[in-house]
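Contents: one structure, followed by commentary.
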Amino acid sequence: QVHLVESGGGLVQAGGSLRLSCAASGTIFSFNVMSWYRQAPGKQRELVAIITLGGTTNYADSAKGRFTISRGNGKNTLYLQMNSLKPEDTAVYYCHGLLSSVNYWGQGTQVTVSS
């Protein structure tokens, strides 16, 4: 089975930085597109950033200028560099991959930004 596993979450003060990682297993194929979503308690899950196999990126307005999504040298590795963090960034962050029109999700990693 295909699995995505996130890591790198934690507790940080406002203005600090975190780097999230996502590693895929169970497939030899490259995901057509990979992305990061987040969900805060009582709120709906929202798209944060997305990157294609060719390296094209797009960001939510709330993340532009502060977050950077990238792929590693491996076929299915994903990163999210988060700078200038705000309390409103507090959420569970999920790794997402699209492969052959099928959506795959990680279990999530908690990011907490204190004020």
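The values are calculated or read from the model by the stated rules, or taken from the named source; none is laboratory data. These numbers were taken from a predicted model, which means no experiment stands behind them. Cβ: placed from backbone, ideal geometry, glycine included. Neighbour counts: every protein chain shown. For the accessible areas, the whole protein counts, side chains as well, though only heavy atoms, and no ligand, DNA or RNA atoms are used. Shrake-Rupley method; radii C 1.70, N 1.55, O 1.52, S 1.80 Å.
In a fully extended conformation the segment linking residue 101 and residue 47 would gain 17.7 nm over its present Cα-Cα distance, using 0.36 nm per residue. Across region 15-31, coupling constants 3J(HN,Hα) worked out from phi with the 6.51/-1.76/1.60 Karplus curve, θ = phi - 60°, read x, x, 9, 9, 10, 8, 10, 9, 10, 9, 9, x, 8, 9, 8, 7, 5 Hz, and Gly and Pro carry x.
Summing charges over all other residues whose Cβ lies under 13 Å from the Cβ of residue 88, with Lys and Arg as +1 and Asp and Glu as -1, gives +1. For the chain, the solvent-accessible area of protein heavy atoms averages 54 Å² per residue (probe radius 1.4 Å; ligands and nucleic acids excluded).
As a fraction of the 1.4 Å probe accessible area of the chain, surface on carbon and sulfur atoms comes out at 49 percent.
Between 55, 26, 42, the Gaussian network model of the chain with springs among Cα atoms under 10 angstrom shows the greatest mean-square fluctuation at 42. For the residues 44, 13, 81, a GNM of the chain with alpha-carbon springs under 10 Å puts the largest fluctuation on 44.
Have a look at 27, 57, 68 and tell me which one the Gaussian network model of the chain (Cα, springs below 10 Å) gives the largest fluctuation. In this elastic network of the chain, the residue with the biggest mean-square fluctuation among 27, 57, 68 is 27. Answer rounded, prolate or oblate for region 21-63, using the Cα gyration tensor with square roots of eigenvalues a ≥ b ≥ c: rounded when a/c is under 1.5, else prolate when a/b is larger than b/c, else oblate. Oblate, since a/c reaches 1.5 and b/c is not below a/b. Shape class for the chain: prolate, because the ratio a/c of the largest to smallest gyration tensor axis (alpha-carbon atoms, square roots of eigenvalues) is 1.5 or more and a/b beats b/c.
Here region 1-114 is assigned +1 on the Cβ of each Lys and Arg and -1 on the Cβ of each Asp and Glu. Its dipole about the Cα centre then comes out at about 100 debye. Taking all protein chains together, 86, 43 sort by accessible area into 43, 86, largest first [probe 1.4 Å].
Overall shape: prolate for region 50-113, with the ratio a/c of the largest to smallest alpha carbon gyration tensor axis at 1.5 or above and a/b above b/c.
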